[in-house]
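The values are calculated or read from the model by the stated rules, or taken from the named source; none is laboratory data. All of these numbers come straight from a predicted model, not from anything done at the bench. So basically every Cβ, Gly included, is an ideal-geometry build from the backbone, and we count neighbours across all protein chains shown. Surface accessibility is based on the protein's heavy atoms, side chains included, excluding ligands, DNA and RNA. Shrake-Rupley method; radii C 1.70, N 1.55, O 1.52, S 1.80 Å.
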Amino acid sequence: MSIRNIEEYRKYLLPLVIIVNAQWVNLTDLTAKLMVNAVEKMIHKTADNPDPKHKYFQSIIKSHPSHRKFPSYLRRAAIADAIGIVSSFQTRYREWQSGIRALKDAKPPRLTAICNTYPVLYKGQQIRYNLNYQTVAVKVWSGTDWVWLSGIKVKGHGRNRHLTSGNEICSPALVVSKNKCQLSMPVKIDKINREDSDYVVSVDLGINNAATCAVVGKDGTVKARKFLNPARDIDRRNQRRMMIAKKSKQTQNITKTQREKGFCKELYRKSSNINLEISRQVARGIVEFAKTHNVKVIVIESLAGWKAKAGHNGSLIKQKFHLWCHAKIVDILTDRWAELGGQVQAINPKYTSAYAFDGSGKVKRNKNNYSLAVFKSGKQYNCDLSASYNIGARYWYCLIQGDKTFSRVFVSKSSNDTLRTPVTLGTLRSLEVA
């Protein structure tokens with residue numbers, strides 16, 4: 001029945017998109033609510049509106065049994081959907097006309113009338129929840145009439161945002177695939193204001209450890225530290241990549257040609273999904289660590305546009321860098337921490353790993369264990385942990401010096417040949433002492 005719901009909704013939506021586009025000049029100056037009311041008056045015949053402007057829409061309704069008793073709230077949802085589709089097209093078309101194009105010879109955008117969109121279900125009219133959200137009732141098209149389908153069990157609740165006090169459930173969308181039916185349920189989040197703290201969580205995203213976290217204070221104190229490395233999932237992902245590499249080599253040796261489009265499609269899909277889950281796990285771990293220590297700011301390195309130079313094509317180190325999901329981790333972390341009232345701040349990453357956190361100078365990497373740093377004093381320390389200290393220290397140093405761009409790297413601002421020292425945790429501690 002749910003699949004039939006989607007089909008009937010899209011049939012109803014198609015002519016609406018054409019009508020809204022034809023009347024766009026008359027609708028563009030209206031508010032969203034007035035737009036919906038105006039389009040409804042153009043198509044819907046009632047006692048107060050016996051002669052709608054687009055009469056041919058009535059013939060469309062008569063040819064589809066589901067349209068004759070189409071629920072009023074579903075009709076308004078379809079109208080709002082059509083307005084959104086046309087508004088997007090008109091905006092893109094105006095940009096194309098004004099010369100804002102990805103390519104000089106780019107073709108004009110086309111209106112997509114046949115849309116694979118999903119219906120929005122208004123609470124009380126098309127969907128009803130029980131007290132604990134374990135079951136729902138949805139109004140569906142049975143083939144002859146629109147009826148309530150009750151007692152539908154809800155297996156999962158995502159991240160349970162709707163159960164948090166102060167949050168408000170918005171109208172969900174009915175999403176149906178070949179195997180399952182889902183409610184895409186947006187939740188209006190109640191804004192949280194986290195208190196300022198004299199500590200931050202600094203995070204070094206790396207290859208050997210997915211994330212290394214440290215709680216760094218304004219005075220240079222390190223209160224806690226944590227390593228995040230979902231090794232089991234990383235191994236699962238790498239196994240699939242090795243399978244792809246093996247199959248690719250075998251195929252090319254036999255066929256002597258390049259791989260066809262869609263080669264190892266399922267293995268690529270599984271590998272990508274595992275990588276996404278790794279990103280979610282790491283972001284979740286960082287957020288929980290920050291919540292535990294009641295900080296407001298999470299500090300990361302600004303790695304936008306960064307590209308690996310190490311390793312040759314086909315090497316293991318090249319594959320590690322290629323599968324490194326630092327950008328995805330940052331995106332998920334930023335969204336989740338902002339939802340909890342926090343802030344994610346990026347700083348300049350230069351020399352955070354190359355210099356010791358105690359200010360003794362450059363470090364050397366252990367030949368047998370690259371994640372182990374050797375300081376000039378002979379002291380050995382985890383390189384990622386040292387980098388996380390320097391990341392937190394650089395944030396505080398920039399804040400104290402009034403650099404709101406957080407792009408500062410060196411203690412000195414001289415432009416001559418004087419050797420400049422990068423900001424480290426030792427720099428922050430000496431600043432506090434002074």
- Task: Using only the C-alpha atoms of region 338-433, find the volume of their convex hull and express it per residue in Å³.
- Result: 129 Å³
- Which values of log₁₀ I(q)/I(0), to two decimal places, follow from the Debye formula for region 126-210 at q = 0.17, 0.24, 0.25 Å⁻¹ with a uniform point scatterer at every Cα? -0.85, -1.27, -1.33
- Note on the structure: Accessible-area order for I100, I300, I18, largest to smallest, probe 1.4 angstrom, reads I100, I18, I300
- Query: Residue separation times 0.36 nm, minus the C-alpha to C-alpha distance between T251 and N132: what's the value?
  - Reply: 37.5 nm
- Note on the structure: Excluding ligands, DNA and RNA, the carbon-plus-sulfur percentage of the accessible area of the chain with a 1.4 Å probe reads 50 percent
- At a Förster distance of 25 Å, what's the computed FRET efficiency of S165 paired with Q125, Cβ-Cβ distance as r, to 0.05? 0.45
- In region 1-149, if every C-alpha pair distance is counted and binned at 10 Å from zero, what percent goes to each bin? 10, 35, 32, 16, 7, 1
- Over 19 Å between Cα atoms, which of K153/K180; K247/K270; K320/K362; K270/K328; K291/K320; K218/K376 qualify? K320/K362; K291/K320; K218/K376
- Message: How many angstrom lie between the Cα centre of region 190-243 and the Cα centre of region 42-78?
- Response: 55 Å
- Can you tell me the equivalent ellipsoid semi-axes for region 238-365? Use √(5λ) from the Cα gyration tensor, largest first, whole Å. 35, 22, 11
- Rounded to 0.05, the calculated FRET efficiency for the beta carbons of R420 and L30 at R₀ = 51 Å is 0.30
- Item | Helix 383-401 vs. the chain, principal-axis angle (Cα, 0 to 90°, nearest 10) | 80 degrees
- Query: Equivalent-ellipsoid semi-axes (√(5λ), Cα gyration tensor) for the chain, whole Å, largest first?
  - Reply: 53, 28, 24
- For region 146-288, alpha-carbon Rg relative to the globular expectation (2.2 N^0.38 Å, N residues): 1.55
